[in-house]
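Participant: One structure, pasted below without further comment.
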Amino acid sequence: MKELILASNNAHKVEEIKSILSDYNILTLKDINFTDEIIEDGLTFEENALIKARTISKYSGKTAIADDSGLSVELLEGRPGVYSARYSKEQTDAKNIEKVLSELDGKKSKAKFVSVIALVKPDGTELTFRGECHGEIISEQRGNNGFGYDPIFYVPSLEKTFAELSSDEKNSISHRKESLEKFSKFLKEENNEN
Ligand SMILES: O=c1[nH]c(=O)c2ncn([C@@H]3O[C@H](COP(=O)(O)OP(=O)(O)OP(=O)(O)O)[C@@H](O)[C@H]3O)c2[nH]1
Ligand SMILES: [Mg+2]
């Protein structure tokens, strides 16, 4: 089974990525004893995902992947975007949601989740794969599943928020599903060529 190191400290993401990339052996930062903080000072999801994957590929000498993701809200000119994880001072999911809702001041808004997967190999290969999921921000929090902004991200076609979906339902339509699907399609085509 192909081994990939995932440059993420987000346990929810690790769980989602492991279940979506079920035919790969996903190693975490704990498995490779990497404890440093990676400074994500990129201005785009692509830049931050590459920063994380580069750091771990260099540290391990192996192929690494990373996910940089976040929520972009139309009425907030795309905020929080790459600052999703640390949008509030407290940098907790609850306070991040509170800040988005207070800025929307009760208004609904179109929004999208973005996930970018970066692949970096020791031979210098660097690729990114973007996935997006479009929905709306609603002013009430619904559901207890998932993480981050899931409770306020409403998918009209399902009439549910991400947090009201089971993990399988979310993993079948999410931004992360789309980015990982593009990534694993690339790997399969690369393997067929070799
Ligand atoms: O409700 C959500 N459902 C999702 O599916 C989702 N995906 C991303 N996010 C938000 O965006 C930040 C990522 O920031 P991020 O990519 O820097 O990840 P992170 O810092 O949490 O971990 P790491 O992978 O960088 O170690 C996270 O903290 C979340 O706030 C999500 N929120
Ligand atoms: Mg991060």
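Here, each number is a calculation from the coordinates, and none is a lab measurement. The structure displayed is predicted, hence computed values, not measured ones.
Participant: Going by Cα centres, region 160-194 and region 7-33 are how many Å apart?
Facilitator: Distance between centres, Cα-based: 14 Å.
Participant: Beyond 18 Å, what percent of the Cα pairs of region 143-194 remain? Working shown, then result.
Facilitator: Numbers: 542 of 1326 pairs.
For region 143-194, the fraction of Cα-Cα distances above 18 Å is 41 percent.
Participant: From zero outward in steps of 5 Å, how is the percent of C-alpha pairs of the chain spread across the bins?
Facilitator: Once binned at 5 Å, the Cα pair distances of the chain give 1, 8, 16, 21, 20, 15, 10, 6, 3, 1, 0.
Participant: OK, next. For region 87-109 and region 111-157, what is the separation of their C-alpha centers, rounded to whole Å?
Facilitator: 17
Participant: Percent antiparallel among DSSP beta bridges with both residues in the chain, to the nearest 5?
Facilitator: Details: 27 of 33 bridges.
Here the share of antiparallel DSSP bridges comes out near 80 percent.
Participant: What number, in percent, do you get for the relative contact order of the chain if the mean sequence gap of Cα pairs under 8 Å and at least 6 apart is divided by its residue count? Let's see the in-between values first.
Facilitator: Working: 372 pairs, mean separation 34.6, N = 194.
About 18 percent, as a whole number.
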